[in-house]
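Accompanying notes for the structure given below.
The values are calculated or read from the model by the stated rules, or taken from the named source; none is laboratory data. Treat the numbers as computed from the prediction; the structure is a model and nothing was measured. Note that each Cβ is placed from the backbone with ideal geometry, even for glycine, and that neighbours are counted across all protein chains shown.
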Amino acid sequence: MNNENYEIIVDSFWLPKAASTVAPHVDQGWTLALWVSYVFFAIVVVGMAVLVWKYRRKSANDRTSNAEHSTALEIGWSVGPLVILIWCFLVGFRGYIEASIIPEGAYEISVTASKWRWNFAYPNGKSEVNELKIPAGRPVKLIMSSSDVVHSLFIPEYRVKQDVVPGQYTTVWFEVPEPGKTRLLCTEFCGTAHSDMLANVEALAEEDFEAWLEAGDGGDDLPPEELGEKLFAKFTCNACHSTTDNLARVGPSVKGIFGRTSEFTDGSSLTVDENYLRESIENPGAKLVKGFGNLMPAFKGQLKDRDLDALIAYLKSLD
Ligand code: CUA
């Protein structure tokens, strides 16, 4: 558990670091297309400039000569590009096959996207929000679904991008040879906090990964208020709930929430206490504050009691 944001490493002029085994294939296709564009740009622009100069009007009665058919030219400008296109296709197809066929024995991680966070669940039951840890030197398969709208998982350094759709599973795989840190982003516009829908990604050496998998999350060592503050940031609650002023965002401000009177869409009201806070985290639709929609994802079954207590302790501390 930490609030450090990992960076995407950019180590060349155009592209981020190529950190996965499929990345060089993607970059090959991209570089080929780039160079074809450079060369044809030069041919077209230089050719145009030369011809404009060569065939400029030289006298008042200068006449343009009639263009004649040239079979050699016709064949040349048909076959040349065809060869280049076949070359592009072969390079792209090889990379596509590499990216599509998931190696057997890949390590599987379940991914659930929701507005606006990423949940990663491991085979041993461990789950993490906005923190993806993977074993280095081993194929990893992500089995992904969304609990609300369409999101899209994008890890630029790994050159993988795949839509995450409600009601079905999509998959993506990659292998990262060396341990390292990078960033994952949502690349399908999914609402207000789309641009905050980020996660840290870390490839760990096999033994470090095993150790991490077995270890607790470190939350037991923190005082509840502090843990709550970290969780609040980690779940990007602050994208919708202000903690510093009384202005409403997507959801009501939580500054000074404890003990205030909340009015609900059904006309009822109550004084905010621990039970109400817990219900609002686990099942936000149960009581909707007047003027707000039912937009928050339900956390029921996703938080340990310790984490719920910590979040409530933090909310109580926001005077
Ligand atoms: Cu999720 Cu954009």
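When restricted to residues that are over 25 Å from the mean Cα position of the chain (by Cα) and over 17 Å from LEU303 (Cα atoms), the range 224-267 contains 22. Among the residues of the range 147-175, none is identified as within 16 Å of GLY105 (Cβ to Cβ) and assigned to a loop (DSSP other than H, G, I, E, B). State all residues of the range 194-205 that are surrounded by fewer than 19 Cβ atoms within 10 Å (Cβ to Cβ) and more than 8 Å from the ligand (Cβ to nearest atom); if no residue qualifies, say none. Once the filter is applied, which keeps residues that are surrounded by fewer than 19 Cβ atoms within 10 Å (Cβ to Cβ) and more than 8 Å from the ligand (Cβ to nearest atom), the range 194-205 yields ASP196, LEU198, GLU202, ALA205. Out of the residues in the range 2-34 meeting the condition of being among the aromatic types (Phe, Trp, Tyr) and surrounded by 10 or more Cβ atoms within 10 Å (Cβ to Cβ), tell me which one is modelled with the lowest pLDDT. Only one residue tops the list, namely TYR6.
Within the range 268-319, the set of residues being of a type in the set (Asp, Glu) and either more than 31 Å from the chain's Cα centre (by Cα) or within 19 Å of ALA233 (Cβ to Cβ) (or both) comprises ASP273, GLU274, ASP307, ASP309, ASP319.
Within this structure, SER70 passes the test of being away from the ligand (no atom under 16 Å from the Cβ), of a type in the set (Ser, Thr, Tyr) and farther than 26 Å from THR171 by Cβ. You will find that of LYS161, LYS133, LYS141, the residue that is within 15 Å of the ligand (Cβ to nearest atom) and basic (Lys, Arg) is LYS161 and no other.
Can you tell me which residue within the range 176-192, out of those that are in contact with a Ser or Thr (Cβ under 8 Å, 6 or more places away or on another chain) and away from the ligand (no atom under 16 Å from the Cβ), is nearest to GLU202 (Cα to Cα)? Filtering the range 176-192 for residues that are in contact with a Ser or Thr (Cβ under 8 Å, 6 or more places away or on another chain) and away from the ligand (no atom under 16 Å from the Cβ), the one nearest to GLU202 (Cα to Cα) comes out as VAL176.
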